[in-house]
Each structure stands twice: as C-alpha cells, then as structure tokens.
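Structure, as structure tokens:
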Amino acid sequence: GNSVTQMEGPVTLSEEAFLTINCTYTATGYPSLFWYVQYPGEGLQLLLKATKADDKGSNKGFEATYRKETTSFHLEKGSVQVSDSAVYFCALRNLNRDDKIIFGKGTRLHILP
Amino acid sequence: GAVVSQHPSRVICKSGTSVKIECRSLDFQATTMFWYRQFPKKSLMLMATSNEGSKATYEQGVEKDKFLINHASLTLSTLTVTSAHPEDSSFYICSAYRGTGNEQFFGPGTRLTVL
C-alpha cells in the first residue's frame, strides 16, 4: 500500500542554517507529493507540491524535488528563520486510486535565534 | 487560496455528552470532505471520507456509531462525537476537496477536550 516515511524529529537548528528533512514514499501508480506545515496551535497549510517526476515544488524559500528513481521528496531550505519553527508533514496522494492523502508522521523543527 | 473553516476552534465538554464540529468550505463547493484526528506529537489519522448526499466511508478501526458524519450540503460537513470520553480528546481537522485543480484544503482544526 501507499506510505510515507520521513525523518524523525525534533530537528533543532540555528537561524540561517541549511535545512534538509528527508522524505521517501511507497506508492503504486503515479502519486502527487506534498509538504504541509503546521504552526503551533493551527491546522495544516500546503507548503509546496509536485505532481510528476522531476518536478520541483517551491514556496517561501523551501524546495523539494520529486525523485522517482529514489522515491524521495526531500524538503530543503538554504537559510532557516525562527519563524520556520513548526511541524512539517510529507504526504502523497495517488490520483489513480482515490482522493485520500497519506501523511508521514511529521518532523518538528525548532529554529534557535 | 480556498478557505475552509471549522467551528468551534476549541471545545471542552463533560464525559458522556455529544459534541458537534462543523467544517465549511467558504468559497467553493466540496463534494468530498475528509475528517482527520491528530494525537499529540503524532501525524494525522484519516477517520473518514464524507461525500455529499451519501454515507461516509470510515477507515478501519474508526467506530461509525461514535463518530457520526453528515455531509448535508456541498459546503458543510459535520462530525459529531457521541458520548464523548476523555480518550476522545484530540485535535480534529477536516479538509475539503476542490475538484478544480485537484486540491484539498484544510481547516484550522478543532481541539476537543473531554473532562
């Protein structure tokens, strides 16, 4: 079945550090891939997405590239800010099956000033 | 982007009472809505898929008689937690599927605390 595995947190970085949060997936068919962000006490917001192999999603300085050969969708940011502190969820949706989104377990990110 | 609201944002209730949570798509029609439950420091667990005008489809292990879902219109789905117990305390999040663009939009969540 479909599944998403992402690196366990929490991840603690200093401001302006480089960020990578790893995400790999297992899916049949051709899933769309997503990163969602959840700020403290809030619901989920779509951060970025990619719908086919080699697509790069980007938003707010974050990037992730859909790598079919490695079944990965790692999230990166060159210089993190304190305001990036949140929980990040990698997710997939397989349009060939249904509209369900399968989430990873989430990675909590702490950015220190 | 599209807006999905949830009401209430927080609710505290006594054990044994029922609580209704509303999920509304404010600027689009959603034939399908989803209800998730999030435990502290855990991922989102899909509870059920709500289709307008038909019965909800529940995920394995989710009690349909305890978590009643009604999708009465294209902009409103409700989740009723019946006879709530402290173990039902959680963060409940809905999402609405907008066919145009094949996107799902999430509500801000409802924190339920059962005393």
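Read-outs: derived from the displayed coordinates by stated rules, not from any lab. These numbers come from a predicted model, not from an experiment. Please note: Cβ atoms are built from the backbone with ideal geometry, for glycine as well, and neighbour counts cover all protein chains shown.
Computed values, structure above
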item	result
Listed residue (A:VAL82, A:ILE101, A:GLY1) projecting farthest to the positive dipole end of chain A, Cβ model	A:GLY1
FRET E, pair B:LYS55, B:ARG10, Förster distance 25 Å, beta-carbon r, rounded to 0.05	0.30
Mean separation of Cα contacts under 8 Å (6+ apart) over length of the range A:8-73, as relative contact order %	26 percent
Relative contact order [Cα under 8 Å, 6+ residues apart], chain B, whole percent	36 percent
Relative contact order computed over chain A (Cα-Cα under 8 Å; 6+ residues apart), in percent	37 percent
Low-density loop positions, GluC sites (Glu not before Pro), the range A:24-113 - DSSP coil, at most 16 other Cβ in 10 Å	A:GLU42, A:GLU69
Those aspartates and glutamates that a straight Cα-Cα span of less than 13 Å connects to B:LYS14, excepting residues fewer than 8 apart in one chain	B:GLU87, B:ASP88
Exceeding the 29 Å Cα-Cα cut-off - candidates A:LYS100/B:LYS20; A:LYS52/B:LYS66; A:LYS56/B:LYS55; A:LYS60/B:LYS20; A:LYS49/B:LYS66	A:LYS52/B:LYS66; A:LYS56/B:LYS55; A:LYS60/B:LYS20; A:LYS49/B:LYS66
Listed peptides A:82-89, A:22-29 by packing density, highest first (mean Cβ within 10 Å)	A:82-89, A:22-29
Residue order, fewest to most beta carbons within 10 Å, for B:LEU79, B:LEU112, B:LEU44	B:LEU112, B:LEU79, B:LEU44
